[in-house]
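As structure tokens, the structure follows; a few thoughts come after it.
Please treat every number below as a calculation from the coordinates, not as lab data. Bear in mind the structure is a predicted one, so any value in this text is a computation, not a measurement. When we count neighbours, we look across all protein chains shown, and the Cβ atoms used for this are built from the backbone with ideal geometry, even at glycine.
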């Protein structure tokens, strides 16, 4: 069972370990969180130092409304929603971004989040060559064969059974 909580340091360290050996010119992680680091064995600042060591830039995004937001709580009557204060550790997110050469963003709704991604897209432009391979398979053969058989059958029937009708 996964415990409820936010492990910013563990998430960032896992992402670093996945892309650290990449040959890409620009290595970037987008860290999106809606909480405060309260789980995990690796501190967010330590994970940021590891990212910096490997030349990985981290853009951090704090997501959530200002004030209160509905949060699911398990009760004997099932899952119910209670208004809880939105807590985002903006200080540590700014520190991670600054340590790695990235930027911190705050998104309070979907439109703002889309704007944040567009801004990151503008900041991280690198040209890549993409090769696409497609495998094509012709699927008309069965239909064409049926059409020719029916056409031949029609010609035979017209010239034998229905010959005298015209």
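Things worth noting here:
- Residue check, residue 116 out of contact with any helix residue (DSSP H, G or I) (no Cβ under 6 Å at 6 or more places or on another chain) and more than 30 Å from residue 88 (Cα to Cα): no
- Among the residues examined, residue 56 does not qualify as in contact with a helix residue (DSSP H, G or I) (Cβ under 8 Å, 6 or more places away or on another chain) and without any contact (Cβ under 8 Å) to a residue 40 or more places away in the chain.
- Residues satisfying the stated conditions in segment 1-26, i.e. without any contact (Cβ under 8 Å) to a residue 40 or more places away in the chain, under 27 Å from residue 125 (Cβ atoms) and not in a helix (DSSP H, G or I): 20, 21, 22, 23
- Scanning segment 89-137 for residues that are touching a strand residue (DSSP E or B) at 6+ places or on another chain (Cβ under 7 Å) and not in a helix (DSSP H, G or I) yields 101, 102, 103, 104, 105, 106, 107, 124.
- Tally of residues being loosely packed, with under 10 Cβ neighbours inside 10 Å and in a helix (DSSP H, G or I) across segment 138-147: 3
- Contact map, segment 27-44: residues that are without any contact (Cβ under 8 Å) to a residue 60 or more places away in the chain and at positive phi paired with residues that are crowded, with 16+ Cβ neighbours inside 10 Å and assigned to a loop (DSSP other than H, G, I, E, B), Cβ distance under 8 Å, separation 6+ or inter-chain. Pairs shown: 40/7.
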